[in-house]
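Novice: This is the structure, below, for whatever I ask next.
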Amino acid sequence: MNVNRYRKMTSVAAGRKKPDLVLKNGRVINVFTDKIETCDIAICDGMITGTGSFEGTKEIDLEGKYVSPGFFDAHLHMESTLVTPAELIRNVISWGTTSFIEDPHEAANVKGSDGIDYILSQTENVPANVFVMLPSCVPSLEFENNGCIFGPEDMKKYVDNPRILGLGEVMDYPSVISGSKNMMKKICMFSDMVIDGHAPDLSDSDLDAYMISGVATDHEATTFEYALKEVSRGMHVHIREGSAAKNLDAIVNGIVENRIPTDNFSFCTDDKHIEEIKNEGHISYSVKRAIQLGIEPVAAIKMATINTARCYGLRHLGAIAPGYQADLVIFNNFEEFVISDVYHLGKNIKDFEWSSPSLSSNHPLKNTVDISNIFKSSFSMPMDDSKKAVINLMDNQITTLRSDEYLPQRNGFFIPDPIFNKIAIIERHKNTGLIGMGVVKGFGISGGAIASSVSHDSHNISVIGDNNSDMLIAVLELQKEMGGFTIVSCGRVIKTLPLPVMGLMSEAPFDEVNETLKEMISIAHSMGVSRSIDPFITLSFISLPVIPEIRITPKGMFDVRQMKFI
């Protein structure tokens with residue numbers, strides 16, 4: 001700490017000087033004692049210097065409202081919210097999330113270090129704390145067709161950056177368990193920092209082997225039973241409540257019914273789209289919902305604050321006490337949970353002046369779709385009379401199930417219908433011409449096609465439909481726009497949301513993107529897409545080969561359980 005700043009703050013704490021700001025008469029949540037105390041909060045130079053009774057240079061009467069430390073999103077990929085990181089924060093911070101643990105592996109998969117630098121630059125001068133976990137698996141598995149490789153040598157220049165907290169989610173769990181040389185290089189490099197995990201549905205022995213590496217967290221638990229298995233081994237579980245994966249109710253219900261301590265639980269969104277944030281909130285929703293399900297209110301606040309701060313070694317965040325940063329959330333009560341004000345470094349975020357610099361149209365980050373020589377016939381799918389593997393979608397989850405079924409065909413080719421849709425994944429980074437073809441059950445589109453350049457984690461072009469013509473038009477539309485979402489029906493483009501920054505993000509305002517996305521989701525549902533899934537998020541995860549049970553890549557259908565192509 002700067003000596004002059006320290007002396008100034010100690011003078012205030014010792015009562016020799018008045019605080020810059022005193023928030024008076026608040027019901028202050030103490031995350032150390034689990035008590036709620038009516039008192040004042042003294043703030044100097046963006047830090048809390050005391051709680052009690054104070055007079056300040058400036059005073060604001062909170063009139064008995066509750067005061068919580070600022071909330072943490074314990075794990076997210078800002079790129080997946082479809083807007084730039086600065087634009088995301090501008091809209092999310094009013095919901096009380098003042099700290100973000102960002103894993104920019106989406107950007108890194110497209111543009112490597114340049115993508116990570118973009119995220120760091122976009123989040124440098126915002127009224128929030130944005131910390132970065134360096135992507136560990138770029139590509140997610142060695143055979144993937146992504147845009148860049150980000151390995152141990154590339155990581156070295158970031159290690160001393162104070163905003164880098166450790167190694168991002170280690171998705172390639174087979175390499176960890178087998179002790180792969182390249183993976184061990186990364187893990188050893190971060191042995192004194194936090195290592196985030198990605199461990200979906202591992203056996204007891206595999207989970208044990210995975211944790212011995214030093215992995216400290218996981219956000220892939222979809223059931224209480226699995227979360228308990230992880231927590232009982234000392235792992236910190238981030239309870240995910242995103243748009244495609246909604247795990248909070250299942251895990252929290254188990255915590256309440258079994259009276260499990262919540263110290264090793266935090267909240268995260270992972271991937272939450274704009275419309276849901278606008279409608280229900282961000283981490284604030286997780287806190288409110290956890291309380292509704294029976295978690296004690298202060299325990300829920302701790303899951304959103306001090307638990308995460310301690311997990312990542314952020315000793316200056318997560319509490320309202322002397323020496324902690326003055327990041328505060330003011331709200332009316334625990335039932336309605338209406339947030340009236342948010343403070344970052346002792347300043348009300350309503351007073352922050354935002355700017356939104358854009359990239360030039362010819363910037364390399366805006367030219368990332370490289371496809372040629374693709375035709376209607378490229379989507380033809382030869383078929384014989386044997387059973388074929390089918391990707392079965394699951395409601396409100398990103399996991400899938402495999403079935404082997406007889407499929408509709410004509411003249412030796414698969415003929416899609418509303419039950420069995422055709423899906424293709426087209427490599428878009430290096431114009432290799434690779435196209436993986438497969439069949440999806442549970443999507444339900446009829447009379448058209450939907451395509452996306454957001455396609456975890458390699459972010460190739462995913463397109464799903466019931467006819468080759470519309471599928472081709474959809475892919476060519478995304479090539480023209482340099483990425484995005486599009487819907488095509490009866491030979492014409494119905495609606496497109498361009499995402500020109502790495503094929504992942506729009507530079508348009510949050511509300512504009514939200515309105516377009518909302519309209520497109522409605523159109524997709526009117527074309528038969530199941531209302532129990534988000535069409536674009538679901539499509540974006542079908543290609544991720546580290547989430548059970550079956551996926552598809554530009555090289556074809558992939559069995560995640562057996563880690564081999566079908």
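The values are calculated or read from the model by the stated rules, or taken from the named source; none is laboratory data. Since the structure is predicted, the reported quantities are computational estimates derived from the model, not experimental observations. Cβ: placed from backbone, ideal geometry, glycine included. Neighbour counts: every protein chain shown.
Novice: Could you list, in sequence order, all residues of the stretch 540-563 that are aliphatic (A, V, I, L, M) and either out of contact with any strand residue (DSSP E or B) (no Cβ under 9 Å at 6 or more places or on another chain) or modelled with pLDDT under 95 (or both)?
Specialist: Correct list: L544, V546, I547, V560, M563.
Novice: When you scan the stretch 137-158, do you find a residue that is assigned to a helix (DSSP H, G or I) and of a type in the set (V, I, T), even just one?
Specialist: Taking every residue of the stretch 137-158 in turn, none turns out to be assigned to a helix (DSSP H, G or I) and of a type in the set (V, I, T).
Novice: Quick one: in the stretch 102-111, of everything that is touching a helix residue (DSSP H, G or I) at 6+ places or on another chain (Cβ under 7 Å) and of a type outside the set (D, E), which residue is nearest to R240 (Cα to Cα)? So that I can check it myself, show each step before the final result.
Specialist: Filtering the stretch 102-111 for residues touching a helix residue (DSSP H, G or I) at 6+ places or on another chain (Cβ under 7 Å) gives 102, 104, 106-108, 111.
Remaining after also requiring of a type outside the set (D, E): 104, 107-108, 111.
Numbers: P104: 17, A107: 21, A108: 22, K111: 27 Å.
Across the stretch 102-111, the extreme among qualifying residues is P104.
Novice: Go through the stretch 169-215 and give me each residue that's acidic (D, E) and exposed (fewer than 15 other Cβ atoms within 10 Å of the Cβ).
Specialist: Scanning the stretch 169-215 gives D192, D204, D208.
Novice: Among K272, K288, K278, which is surrounded by fewer than 21 Cβ atoms within 10 Å (Cβ to Cβ), closer than 30 Å to T538 by Cα, modelled with pLDDT under 95 and of a type in the set (K, R)?
Specialist: Working: K272 fails: surrounded by fewer than 21 Cβ atoms within 10 Å (Cβ to Cβ); K288 fails: modelled with pLDDT under 95.
Selected residue: K278, the only one of K272, K288, K278 that is surrounded by fewer than 21 Cβ atoms within 10 Å (Cβ to Cβ), closer than 30 Å to T538 by Cα, modelled with pLDDT under 95 and of a type in the set (K, R).
Novice: Does A216 satisfy being free of Cβ contacts under 8 Å to residues at least 40 places away in the same chain, assigned by TED's automatic domain parsing to the domain that holds E102 and more than 15 Å from the chain's Cα centre (by Cα)?
Specialist: Values: free of Cβ contacts under 8 Å to residues at least 40 places away in the same chain: no; assigned by TED's automatic domain parsing to the domain that holds E102: yes; more than 15 Å from the chain's Cα centre (by Cα): yes.
Judged against the criteria, A216 is not a match.
Novice: Shifting gears a bit: If I ask for residues that are under 13 Å from P200 (Cα atoms) and touching a residue at least 60 places away in the same chain (Cβ under 8 Å), which ones from the stretch 240-250 would you list?
Specialist: R240, A245
Novice: Filter the stretch 43-74 down to residues that are assigned to a strand (DSSP E or B), in contact with a Lys or Arg (Cβ under 8 Å, 6 or more places away or on another chain) and of a type outside the set (D, E), then give me how many there are. Before you say what the answer is, go through the steps one by one.
Specialist: As a first pass, look at the stretch 43-74 and keep what is assigned to a strand (DSSP E or B): 43-44, 47-52, 58-61, 66-69, 71-74.
Next, from what is left, pick out any that are in contact with a Lys or Arg (Cβ under 8 Å, 6 or more places away or on another chain): 44, 59-61, 66-67.
Adding the requirement that they be of a type outside the set (D, E) leaves 44, 60, 66-67.
Final tally of qualifying residues: 4.
Novice: Now for a different question. Could you say whether any residue in the stretch 544-558 is surrounded by fewer than 20 Cβ atoms within 10 Å (Cβ to Cβ) and in a helix (DSSP H, G or I)?
Specialist: Kept after step one, since they are surrounded by fewer than 20 Cβ atoms within 10 Å (Cβ to Cβ), are these residues of the stretch 544-558: 548-549, 555-556.
Then keep just the ones that are in a helix (DSSP H, G or I); that gives none.
The answer is no, given that none of the residues of the stretch 544-558 is surrounded by fewer than 20 Cβ atoms within 10 Å (Cβ to Cβ) and in a helix (DSSP H, G or I).
Novice: Let me ask something else. Any chance you could count how many residues in the stretch 159-181 are more than 16 Å from E144 (Cβ to Cβ) and either part of a helix (DSSP H, G or I) or out of contact with any strand residue (DSSP E or B) (no Cβ under 6 Å at 6 or more places or on another chain) (or both)?
Specialist: Final tally of qualifying residues: 9.
Novice: One residue is enough: does the stretch 347-361 have a residue meeting the conditions under 24 Å from the mean Cα position of the chain (by Cα) and outside any loop (DSSP other than H, G, I, E, B)? Working first, answer last.
Specialist: To start, the set of residues in the stretch 347-361 that are under 24 Å from the mean Cα position of the chain (by Cα) comprises 349, 354-359.
With outside any loop (DSSP other than H, G, I, E, B) added as a condition, the list becomes 349.
Scanning the stretch 347-361 turns up at least one residue that is under 24 Å from the mean Cα position of the chain (by Cα) and outside any loop (DSSP other than H, G, I, E, B).
Novice: Identify, from the list V252, V237, the residue that is within 30 Å of V454 (Cβ to Cβ) and touching a Phe, Trp or Tyr at 6+ places or on another chain (Cβ under 6 Å).
Specialist: V237
Novice: Among the residues of the stretch 522-534, count how many are modelled with pLDDT of 95 or more and either under 20 Å from the mean Cα position of the chain (by Cα) or of a type in the set (A, V, I, L, M, F, W, C) (or both).
Specialist: 4
Novice: So, in the stretch 455-506, of the ones that are farther than 20 Å from F379 by Cβ and among the aliphatic types (A, V, I, L, M), which residue ends up farthest from the chain's Cα centre (by Cα)?
Specialist: M482
Novice: Would the stretch 128-145 turn up any residue that is surrounded by 15 or more Cβ atoms within 10 Å (Cβ to Cβ), within 30 Å of L345 (Cα to Cα) and more than 19 Å from the chain's Cα centre (by Cα)?
Specialist: no
Novice: Might you let me know whether the stretch 384-397 holds any residue that is within 25 Å of the chain's Cα centre (by Cα), surrounded by fewer than 16 Cβ atoms within 10 Å (Cβ to Cβ) and of a type in the set (G, A, S)?
Specialist: no
Novice: If you don't mind, another one. For the stretch 279-304: of the residues being among the small types (G, A, S) and over 19 Å from N332 (Cβ atoms), which is farthest from the chain's Cα centre (by Cα)?
Specialist: So the residue we want is G294.
Novice: Go through the stretch 1-10 and report how many residues are more than 16 Å from G52 (Cβ to Cβ) and either assigned to a loop (DSSP other than H, G, I, E, B) or touching an Asp or Glu at 6+ places or on another chain (Cβ under 9 Å) (or both).
Specialist: The qualifying residues number 4.
Novice: Shifting gears a bit: Any residue at all in the stretch 310-318 that is at pLDDT below 95, of a type outside the set (A, V, I, L, M) and either exposed (fewer than 14 other Cβ atoms within 10 Å of the Cβ) or farther than 30 Å from I43 by Cβ (or both)?
Specialist: No, every residue in the stretch 310-318 fails to be at pLDDT below 95, of a type outside the set (A, V, I, L, M) and either exposed (fewer than 14 other Cβ atoms within 10 Å of the Cβ) or farther than 30 Å from I43 by Cβ (or both).
Novice: Answer yes or no as to whether S266 is touching a residue at least 60 places away in the same chain (Cβ under 8 Å) and of a type in the set (S, T, N, Q).
Specialist: yes
Novice: Could you figure out which of (1) farther than 19 Å from D172 by Cβ; (2) within 22 Å of the chain's Cα centre (by Cα) isn't true of N253?
Specialist: Just one mismatch for N253, condition (2).
Novice: Moving to a separate point now. For the stretch 11-41, which positions are part of a strand (DSSP E or B), closer than 13 Å to F54 by Cβ and not small (G, A, S)?
Specialist: Those that are part of a strand (DSSP E or B), closer than 13 Å to F54 by Cβ and not small (G, A, S): L21, V22, L23, K24, N25, V28, C39, D40, I41.
Novice: Right, next: Assess whether D73 counts as being more than 30 Å from L167 (Cβ to Cβ) and within 36 Å of the chain's Cα centre (by Cα).
Specialist: Against the criterion (more than 30 Å from L167 (Cβ to Cβ) and within 36 Å of the chain's Cα centre (by Cα)), D73 does not qualify.
Novice: Okay, next question. With I419, I398 as the choices, which residue is over 29 Å from G112 (Cβ atoms), among the aliphatic types (A, V, I, L, M) and in the same structural domain as L539 (by TED's automatic domain parsing)?
Specialist: On inspection, the qualifying residue turns out to be I419.
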